[in-house]
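Below: one structure, written as structure tokens.
Read the figures in this text as sums done on the coordinates, not as results from a lab. As the structure is a computational prediction, the values presented were derived from the model and not from experiment. Reconstructed Cβ throughout: ideal geometry from the backbone, glycine too, with neighbour counts over all protein chains shown.
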Amino acid sequence: MFEIIQTLHSYLAYVALAVLFFAVANAIMGLIGNKMFTMGKDLRLSLFALILCHIQLVVGLILYFVSANGFSAIQEFGMGGLTSASRLLAVEHPFINILALILITVGWSRHKKFMEGNKKFKSIALFYGLGLILIVSRIPWAQWFD
């Protein structure tokens, strides 16, 4: 069961990051090009990124509580006993990614309040972009490419 959840979390990360990147790029291009925010492509891409990132978070939280590298590592070794690699998995990765999802959710909520396309694109670009930067900053790259 653990291996299935871990594999799902790993492969879903590729998809979620790609869609999140495209949502940020789309918002930046819409902002620069002074385009109208369409209910088709723009809304759906932003919403799909939001949904995928939240699914990834749920899978990650399940993995956090069933993995030996997550919550049980903190219980076993304490915060002071974790190595930098185990601290990344047990503390930094989950905390920063939850923060990133909060930013992405705020961006989605803010964009709904605006009527002008520029403001919608700006909200998505800013908050989704910050979320993307935070997520990429705490990916356990050494394990991801093993």
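Positive-end ranking of V24, I5, A142 along the dipole of the range 2-144, with charges on Cβ about the Cα centre, is headed by V24.
With a Förster radius of 41 Å applied to the beta-carbon distance between K119 and F65, the computed FRET efficiency rounds to 0.60. With no solvent and one equal point scatterer placed on each C-alpha of the range 19-146, evaluate the Debye formula and give log10 I(q)/I(0) for q = 0.10 Å⁻¹, two decimals. Normalising to I(0) and taking log10 leaves -0.38.
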